[in-house]
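Please read the structure below before turning to the comments.
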Amino acid sequence: MNYILFDGDVREALLPFTFTRPVADIRVGILTIREKWEKRLGYTTTTITEEYLAQKYPMVEVENNVMINAAYLPTDVLVEMVLNLEPMQGIIYEDDIVAFYAQDNQEEVDFDNYELLTCETTLTKIAHKWDIFQKNDEAIREDFELIVDDRFSEPLSKTVNVICPEQVFVEEGAKLEYVTLNASTGPIYIGKDTEIMEGAIIRGPFALCEGAQVKMGAKIYGATTIGPECRVGGEVSNSVMMGYSNKGHDGFLGNSVLGEWCNLGADTNNSNLKNNYAPVKVWSYETQSYENTGLQFCGLMMGDHSKSGINTMFNTGTVVGVACSVFGGGFPSTYLPSFTWGGVESNEVYNVEKALETMKIVMSRRHIELTDEDEQIIRHLSEEANLDRFEHNLKR
């Protein structure tokens, strides 16, 4: 069977992270949504996404296909229902289409003609950008059970101070000495070829993905995910770094999400709680206005390839687009469009050629090439950002 993950109706709600990836490639928990589905289905998947992303994330369609809404995290019950779908059948949850069977000879998909099966168990949907950190606790626990099932952890050094060692799993090649791991509050997953330097203190749920590094003396509270090849230091709480991003110095990151290839300068801090304890509002790309998250704690949402200078202070609920360079004294705006240069006293448009030059240098440090497909995506987003900035300024 051929399985295809589609973005569904949440793509704009998940911006800026879906500017550069399909919904399926968002990391929440230990794995991306795509990795979760593929591991449970036992099949690779392709994607239906925006046209400008399709060259990097192509769709493969054959005679018989099952389409899956990528906003939903898989469960055992849901996966079994998906695997058993037959032609002209679909799965719904709270009146939302979760999956359906489609054949290439169908001229159109009309759900009025489908047999719709209701999923009776509770499903988790990543419907808002803040869901990525808000639902990271349950996602880490689910992924941990999936990954470690019938496997044995690498032994921990005697120098490691560990609470609830049965809830700690260490992959091959991980290095950690003289650190404290408290898994009494949730599982701790330490991925392949990672490093936790001496003096670090970590509480679960926590995931350190392949090749990532925790710096000396770091303090990390759950539920936090440090994606592949990330570097993290200072204080972190309930945050997700999707991959290849750096927070290598002191400073606080809380209730936040960083995309890939971000870098927070030394002593960058974010607020995650308003002084009046009121619910936090964040920028909505859908409505081009601020929306109420209903959350008391909500920090920084930063898109791929964005950076902050030293001593940058991000206010509660700040949204930063793709390829921004944020610097200057005081607080920047709580919404910075993609390709912003500056952001505090004044800001300019970050020239796309200079942005691409920096991206190539940054990625080469991890021995990864900025591909032609990547460059085309960035150029497309630069053009979109100019229009977005113009419309935003008109409303101010």
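The values are calculated or read from the model by the stated rules, or taken from the named source; none is laboratory data. Please read all numbers here as calculations on a predicted model, not as lab measurements. Here the Cβ is made from the backbone with ideal geometry for all residues, glycine too, and neighbour counts use every protein chain on show. Accessible surface areas use protein heavy atoms only, side chains included; no ligands, DNA or RNA. Shrake-Rupley method; radii C 1.70, N 1.55, O 1.52, S 1.80 Å.
Annotations
- 3J(HN,Hα) along segment 287-303: 9, 6, 7, 8, 10, 7, 7, x, 9, 7, 10, 7, x, 10, 10, 10, x Hz, from the Karplus curve 6.51 cos²θ - 1.76 cosθ + 1.60 with θ = phi - 60°, whole Hz, x for Gly and Pro.
- Normalised per residue, the accessible area of segment 1-95 is 39 Å², obtained with a 1.4 Å probe and no contribution from ligands, DNA or RNA.
- Debye intensity ratio in log₁₀ form over the Cα atoms of segment 304-391, taken at each q of 0.16 Å⁻¹: -0.63
- Among the chymotrypsin sites (Phe, Trp or Tyr not before Pro) in segment 248-331, those located in a DSSP loop and surrounded by at most 16 other Cβ atoms within 10 Å of their own Cβ are Tyr277.
- Simple spin-label estimate for Lys354 and Ser153 gives 4.8 nm between the two label positions (7 Å along the Cα-to-Cβ direction from each Cα).
- Its residues counted as N, segment 163-243 yields a C-alpha radius of gyration over 2.2 N^0.38 Å of 0.92.
- Rounded to two decimals, the Cα radius of gyration of segment 56-131 over 2.2 N^0.38 Å is 1.14.
- In this structure, the amide hydrogen of Phe314, modeled 1.01 Å from its nitrogen in the peptide plane, lies closer than 5 angstrom to those of Asn269, Asn270, Ser271, counting only residues at least 5 positions away or on a different chain.
- Protein-only accessible surface order, largest first, of Met197, Met313 at 1.4 Å: Met313, Met197
- From most to least packed by mean Cβ count within 10 Å, the peptides 148-160, 168-180, 132-144 give 132-144, 168-180, 148-160.
- In order along segment 132-147, the Karplus-derived 3J(HN,Hα) couplings, from 6.51 cos²θ - 1.76 cosθ + 1.60 at θ = phi - 60°, round to 4, 8, 5, 9, 6, 4, 5, 5, 4, 4, 5, 5, 4, 4, 5, 6 Hz, and Gly and Pro are given as x.
- Residue of Glu345, Glu107, Glu115 that the Gaussian network model of the chain assigns the largest fluctuation, springs spanning Cα pairs under 10 Å: Glu107
- Extension gain, Glu50 to Gln103, is 16.9 nm, computed as 0.36 nm per intervening residue step minus the present C-alpha separation.
- According to the Cα-based calculation, Rg over Rh for segment 190-285 is 0.99, with Rh computed by the Kirkwood formula.
- Semi-axis lengths (Å, descending) of the ellipsoid that matches the C-alpha gyration tensor of segment 114-213: 31, 15, 12
- Cα centroids of segment 279-329 and segment 25-46: 27 Å apart.
- Residues Glu291 and Phe111, FRET efficiency given R0 of 41 Å [Cβ-Cβ distance, rounded to 0.05]: 0.90
- Under the Debye formula (equal points on every Cα, no solvent term), log10 I(q)/I(0) of the chain at q = 0.09 Å⁻¹: -0.54
- Calculated FRET efficiency for the pair Val60/Asn386, C-beta based, R₀ 30 Å, to 0.05: 0.35
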